[in-house]
1. Which condition breaks for LEU325 when tested against (1) touching a Pro at 6+ places or on another chain (Cβ under 8 Å); (2) under 20 Å from GLY242 (Cα atoms)?
2. Determine, yes or no, whether ARG155 is outside the structural domain of VAL410 (by TED's automatic domain parsing), more than 22 Å from PRO303 (Cβ to Cβ) and modelled with pLDDT of 90 or more.
3. Regarding the range 339-354, can at least one residue be identified that is within 38 Å of the chain's Cα centre (by Cα) and among the charged types (D, E, K, R)?
4. So, in the range 365-390, exactly how many residues are more than 17 Å from PRO303 (Cβ to Cβ), surrounded by 18 or more Cβ atoms within 10 Å (Cβ to Cβ) and not basic (Lys, Arg)?
5. Given the range 235-351, what strands (runs of 3 or more DSSP E) lie entirely inside it while holding 3 or more residues that are in contact (Cβ under 8 Å) with a residue 60 or more places away in the chain?
6. Pick from the range 392-404 the residues that are touching a residue at least 40 places away in the same chain (Cβ under 8 Å) and within 17 Å of ALA198 (Cβ to Cβ): which of them is surrounded by the most Cβ atoms within 10 Å (Cβ to Cβ)?
7. Return the only residue of GLN162, GLN132 being modelled with pLDDT under 90 and either polar (S, T, N, Q) or touching a Cys at 6+ places or on another chain (Cβ under 9 Å) (or both).
Amino acid sequence: MSTTGHRTERHHAPAGETRGGEGALLLPHPRAEDAAPPTLTLLVIGDDATGAFTAPYFQEPNGPRIRVLRARTLTAAGRLLTDDVHCILLDLPDVLDGLRYVMRLAPGTAVLVLTDGSDDAKAAEAVRVGAQEHLARDEVDGGAVTRAVRYAVERKRADLAQRQLSETRLLAQENRRLERGLLPTPLLEGATGLRFAARYRPGRSRALLGGDFYDTVRTPDGTVHAMIGDVCGHGPDAAALGVELRIAWRALTFAGLGGADLLRTLQDVLVHERADEEIFATLCVVDIAPGGRGATLHLAGHPAPLLASPGGVGILPYEEGGPALGLLPEAEWIPVPIALEGPWSLMLYTDGLIEGRIGAGTGRLGQEGMLEIAADRLAAGLRGEGLLDAVVTRARELNGGELTDDVAMVLLEGV
């Protein structure tokens, strides 16, 4: 085997280099205009019987310096495998077993295998198993080693980046499937003369579910129950608590609990499930009597719904509303009766819709601004999902871009 290449590296100093004492490294004179070349550390595992890697480093002009560490066995290599090792070169009789071992030991480190020839079948098998590159024993010199290490390191970086991207995509898909499964499916079978529409947009980037929650069901007695709520804060913890409250509301409603008793039980659920004592949730619950000519409203710190009827468009009374869930242990929530006459539309929403800005100042849309937008769209004949989309679109336009908080809307229409 020829080792002329690496001997030249050690013993023939190009112009600008100086020779030290016996066995000293040959270092170039530093020049201010030259940036220091990068250094990559190569750990060679094996006996190296031919002395191919006795040089303390390999380097080509304008290329990275390849610093060489040596370990005769895999056990010894384990003590040298630190974070600053960029590449491992295997020179072992059973290279495939060694490859599998170091891949488990250092999954983020590039691996080279030393083979007896460029067409060695072991080379192809090693690359298939997970090596980034192979190096023929009779081609070991400064240029070949430098290129092989650089290619192996870059391929490993690309492999890791691709793996992370794939894992991120899979996680995002799983999250989307989970979040879609957690969004409610209204149970309104048998509710003749009633139309339902909803819109949901979380404030978190790339999320499908936020701290807002809603649901609508019809119980066997013909009553239609609708709710909308908002857990304070953002992120997955708020979303999880919102889902818990929604599921609890649905179960308790079908069990026959309603009014203030239902709200007190939901408050108990929140207190036991929240991460800290500062967490609270607002809630709006509407129970529409069979036939759709009357309803009862309960507010727990939540904005009052909008009601449109032949008599006009307005915000329902909110003076009797009680505190948000989780604020006062002995809170009271007083029912507010609502008359529903003629064709009517009842719109429930969260405060993310009305807290958007209007213009460049500090002014907020508020309930009055939202009422004006909705009234204009209702007068134009919009109903159902078209009405909700138009209201949200106008709120975004006034805000100058996306609304930053979660937005949930529920529309019930009696025809």
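The values are calculated or read from the model by the stated rules, or taken from the named source; none is laboratory data. What you see is a predicted model, and the numbers here were worked out from it, not measured in a lab. Ideal geometry is used to build each Cβ from the backbone, glycine not excepted, and the neighbour counts take in all protein chains shown.
1. It is condition (1) that LEU325 fails.
2. Working: outside the structural domain of VAL410 (by TED's automatic domain parsing): yes; more than 22 Å from PRO303 (Cβ to Cβ): yes; modelled with pLDDT of 90 or more: yes.
Taking the combined requirement at face value, the residue satisfies it.
3. Within the range 339-354, the first condition is being within 38 Å of the chain's Cα centre (by Cα), and the residues that meet it are 345-354.
In the following step, the residues that additionally are among the charged types (D, E, K, R) were identified as 351.
Looking for residues that are within 38 Å of the chain's Cα centre (by Cα) and among the charged types (D, E, K, R), one finds at least one in the range 339-354, hence yes.
4. The total comes to 2.
5. Details: elements: 281-288, 294-300, 306-309, 312-315, 336-339, 344-349.
Those strands (runs of 3 or more DSSP E) span 281-288, 344-349.
6. Taking the range 392-404 as the starting set, the residues that turn out to be touching a residue at least 40 places away in the same chain (Cβ under 8 Å) are 392, 395-396, 398-400, 403-404.
Applying the additional criterion that residues be within 17 Å of ALA198 (Cβ to Cβ) yields 392, 395, 403.
Values: VAL392: 20, ALA395: 23, LEU403: 20.
Only one residue tops the list, namely ALA395.
7. Details: GLN132 fails: modelled with pLDDT under 90.
Going through GLN162, GLN132 in turn, the sole match is GLN162.
Listed here are the residues, each with its yes/no results for (1) closer than 17 Å to LEU42 by Cα; (2) outside the structural domain of PHE53 (by TED's automatic domain parsing); (3) modelled with pLDDT under 90.
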| site | (1), (2), (3) |
| --- | --- |
| ALA77 | yes, no, no |
| ASP84 | yes, no, yes |
| LEU92 | yes, no, yes |
| ALA126 | no, no, yes |
| ARG137 | yes, no, yes |
